[in-house]
1. At q = 0.15 Å⁻¹, what log₁₀ I(q)/I(0) does region 3-78 have when each alpha carbon counts as one equal point scatterer in the Debye sum?
2. Rounded to the nearest 0.05, what FRET efficiency is calculated for N155 and A35 with R0 set to 25 Å and r the Cβ-Cβ distance?
3. Charges only on Cβ, +1 for Lys and Arg, -1 for Asp and Glu: so what's the dipole of region 1-102 about the Cα centre, in debye to the nearest 20?
4. If you take the charge dipole of region 60-153 about its Cα centre, with +1 on Lys and Arg Cβ and -1 on Asp and Glu Cβ, which of F96, S69, S136 is farthest toward its positive end?
5. Between the alpha-carbon centers of region 158-208 and region 70-108, tell me the distance in whole angstrom.
6. What residue among I34, Q81, A22 has its Cα farthest toward the positive end of the dipole of the chain, where the charges are +1 on Lys, Arg and -1 on Asp, Glu, each on the Cβ?
7. Quick one: with all protein chains in place, what share of the accessible area of region 103-162 is carbon or sulfur, to the nearest percent (1.4 Å probe)?
8. Need one word for the chain: rounded, prolate or oblate. Basis is the Cα gyration tensor (sqrt eigenvalues a ≥ b ≥ c); a/c below 1.5 gives rounded, then a/b vs b/c decides.
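The values are calculated or read from the model by the stated rules, or taken from the named source; none is laboratory data. Bear in mind the structure is a predicted one, so any value in this text is a computation, not a measurement. Here the Cβ positions follow ideal geometry from the backbone for every residue, glycine too, while neighbour counts run over all protein chains shown. Note: accessible area is taken over every heavy atom of the protein model, side chains too, but ligands, DNA and RNA are not part of it. Shrake-Rupley method; radii C 1.70, N 1.55, O 1.52, S 1.80 Å.
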Amino acid sequence: MTNAFKKSRKFDDLILMYKEMADNGYTRSNGEFIASDKVYGDLEPHRHKTYLKKIFQKFNIKTLLDYGSGKGDWNKKIDEQESLKDFLKLDEIFQFEPALNKIDKKRSDCSICFDVLEHVFISDIPYVIHDIFSYSTKLVVINVACYKASALLPNGENAHITVRPPMWWKGCIDTVSNNFPDINYSLIASNSYTKATIFDDISHQEQI
């Protein structure tokens, strides 16, 4: 489906800044420097693995698009046991990360997007949400941070350039989902790094 929304000029400008951070590292607001080999290294979905397992079982999710995946390694063992891929019983995972030139964006049972949308310029939020939905056949799970980041962009701005409350994000996703009435979606809105508001899955058709 053709994207119903347009990108602003800020969209590509920000990707260039995130590429610069990946190549050269970045500075935190407290002055600490983070070297390039430490940038985008966390597998963010790991923090919500129990919820993901429950919802993936519900929809029989076997293929996954990790939209904005960073360097996250789905095959690395978690808790010294099994990988997150095995824990969630996934057969195939595709990773899309424009800041690292990962372009394996393929239609899958589920699209997930963790710790991404708060890094997107506000005018481009609908475009990105639409793109996330367009690569899913069953389910979309979005996690967004509703607080300032410790990281700074190369231009000195906070890396979380779009900080809004959970219901604002829910409204954005509800609106875009109108174009994908049969796709279920769930929002995990993080109020802090350790606390989140989880909106259970629903589809636009169910809301109607």
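1. Ignoring solvent entirely, the Cα scatterers give -0.78.
2. Details: r = 20 Å, r/R0 = 0.79.
Step by step, r from the Cβ atoms, then E = 0.80.
3. On the way: 19 positive and 17 negative charges, 106 e Å.
Once rounded to the nearest 20, the dipole reads 500 debye.
4. Selected residue: S136.
5. If you average the Cα positions of each part, the centres end up 22 Å apart.
6. Of the listed residues, the answer is Q81.
7. Working: 1010 of 1940 Å².
Within region 103-162, the accessible surface is 52 percent carbon and sulfur.
8. Oblate, since a/c reaches 1.5 and b/c is not below a/b.
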